[in-house]
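Asks: Below you'll find the structure I mean.
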Amino acid sequence: MSIYFGSVAHIQAKINRIIEVENIKHILIIGSGINFVDLNGEEMLHGEARRLQRIGGGLYFVALKPTVFSTMKKRGFIQTIGSDYFFDQKHLAIASLYEHADKNRCKSCTVKVFMECKEQDQDDNEEQDKKGNNNPSK
């Protein structure tokens, strides 16, 4: 896959749907399948990254191929949006994004796909157990 002038509108529409319809403001792009990003692609990604940052979110990248990362770095893209938005390993990216997650939304999630979700669920259950055991009316 490449992010280039011909795919920019499609990718931007997907990102817009995630933001507007699903109300998600932290988006992780897994870049292991990205072979090339042209200037139009970078401009679109930059615009979306800035838009997400303005609303308290971010556009994050993980596992970009070395050649793609190097090219983006040379062009200043990584410095412009910030190196904190780039990760080498998926588990590090997810752990970082989880810190920004809406915990109320997490509590209502029934999927619990990520390790962090399951751990938080266990912590919440343990906290409820402690409260229940300390309640003298029981």
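Asks: Once both labels are modelled 7 Å past Cα along the beta-carbon direction, what's the L39-V111 spacing in nm?
Replies: Using points 7 Å along Cα→Cβ, the separation is 3.8 nm.
Asks: For region 2-100, compute Rh as the Kirkwood radius over C-alpha pairs and then the Stokes-Einstein diffusion coefficient at 10 °C and 1.306 mPa s; write the answer in µm²/s, rounded to an integer. Don't jump to the answer; show the numbers that get you there.
Replies: On the way: Rh = 13.5 Å.
It comes out at roughly 117 µm²/s.
Asks: Among residues other than Y4 whose Cβ falls under 13 Å from its Cβ, what is the net charge (Lys/Arg +1, Asp/Glu -1)?
Replies: -3
Asks: Below 17 Å Cα-Cα, how many Lys pairs turn up in region 2-100? Only count pairs eight or more apart in sequence, or on different chains, if you could. Don't jump to the answer; show the numbers that get you there.
Replies: Numbers: K14/K25; K65/K73; K65/K74; K65/K90.
Close lysine pairs under the 17 Å cut-off: 4.
Asks: Turning to a different aspect of this structure: With the contact rule set at Cα under 8 Å and sequence spacing of 6 or more, what percent relative contact order holds for region 1-86? Could the numbers behind the result be given before it?
Replies: Details: 102 pairs, mean separation 28.9, N = 86.
Over region 1-86, the number comes to 34 percent.
Every number in this text was worked out from the coordinates using simple rules, so none of it is lab data. Note that the coordinates shown come from a computational prediction; the quantities given were computed from them, not determined experimentally. Please note: Cβ atoms are built from the backbone with ideal geometry, for glycine as well, and neighbour counts cover all protein chains shown.
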